[in-house]
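Here the structure comes first, spelled out in structure tokens, and everything after it is commentary.
The values are calculated or read from the model by the stated rules, or taken from the named source; none is laboratory data. For clarity, every value in this text was computed on a predicted model and none was experimentally measured. Please note: Cβ atoms are built from the backbone with ideal geometry, for glycine as well, and neighbour counts cover all protein chains shown. Heads up: the accessible areas ignore ligands, DNA and RNA and are worked out on the full protein's heavy atoms, side chains in. Shrake-Rupley method; radii C 1.70, N 1.55, O 1.52, S 1.80 Å.
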Amino acid sequence: MKTQRLVIALTALNLVILTFILLRAKTVASAEVASVLRGRALEIVDDQGHVRAMIKIFPADPTVKMPDGTTGYPETVLLRLIDSKGAPNVKIAATEDGSAVSFGGESNPTHVQVLARGNSTSLKLVNQDGREQLIKPQ
């Protein structure tokens, strides 16, 4: 009878110790946070697997013809926030010679673009009809 009580007491003590160890391991594991996340790109997807946010570095391309008539595209770091229909509503870009911010409206081509490239700046407003107004400092 004494042996049975001793076995039950030791089993209970082992269960208490095991519970303590498991709870402590869980809190220690959840408290550890990586100090840096490194990669070449980052995509955040929704429950359906569609990309909703993206940060990516695009390499320079000296052969691209730009809308303003210049050629060449510098290396660009781009953040896109994408709506549920797949349209990028917010773009923030940084290049070696400047930066840009673009906010898209509900329908294409509605958007606002703020651009600072080289030593020039501009603000472009485009409505649903495609009419645009370009504001540049004088």
Checked the range 37-50 for anything in contact with a Lys or Arg (Cβ under 8 Å, 6 or more places away or on another chain), of a type outside the set (Asp, Glu) and surrounded by 10 or more Cβ atoms within 10 Å (Cβ to Cβ); matches are ALA41, LEU42, ILE44, VAL45
Name every residue in the range 87-102 that is open to solvent by 50 Å² or more (accessible area, probe 1.4 Å) and modelled with pLDDT under 95, in order of residue number. PRO88, GLU96, ASP97
Out of the residues in the range 103-129 meeting the condition of being surrounded by fewer than 13 Cβ atoms within 10 Å (Cβ to Cβ) and modelled with pLDDT of 90 or more, tell me which one is farthest from THR76 (Cα to Cα). ASP129
From LEU81, LEU37, LEU6, LEU18, grab the single residue that is among the aliphatic types (A, V, I, L, M) and in a loop (DSSP other than H, G, I, E, B). LEU37
Tell me which residues, restricted to the range 33-87, are touching a strand residue (DSSP E or B) at 6+ places or on another chain (Cβ under 7 Å) and among the small types (Gly, Ala, Ser). ALA41, ALA53, ALA60, GLY72, ALA87
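Against the condition charged (D, E, K, R), touching an Asp or Glu at 6+ places or on another chain (Cβ under 9 Å) and modelled with pLDDT of 90 or more, how does ARG52 come out, does it pass?
yes
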Among residues belonging to the range 51-78 that are open to solvent by less than 50 Å² (accessible area, probe 1.4 Å) and part of a loop (DSSP other than H, G, I, E, B), point out the one that is nearest to ARG117 (Cα to Cα). PRO74
Condition (residue is open to solvent by less than 90 Å² (accessible area, probe 1.4 Å) and in contact with a Gly (Cβ under 7 Å, 6 or more places away or on another chain)) applied to the range 16-27: is it met by at least one residue? no
Being touching a strand residue (DSSP E or B) at 6+ places or on another chain (Cβ under 7 Å), under 25 Å from ILE44 (Cα atoms) and not in a strand (DSSP E or B), is that true of even one residue in the range 116-138? no
If I go through the range 84-110 residue by residue, how many of them are assigned to a loop (DSSP other than H, G, I, E, B), under 23 Å from SER122 (Cβ atoms) and not small (Gly, Ala, Ser)? 5
GLN48 fails exactly one of (1) in contact (Cβ under 8 Å) with a residue 24 or more places away in the chain; (2) part of a loop (DSSP other than H, G, I, E, B), namely (1)
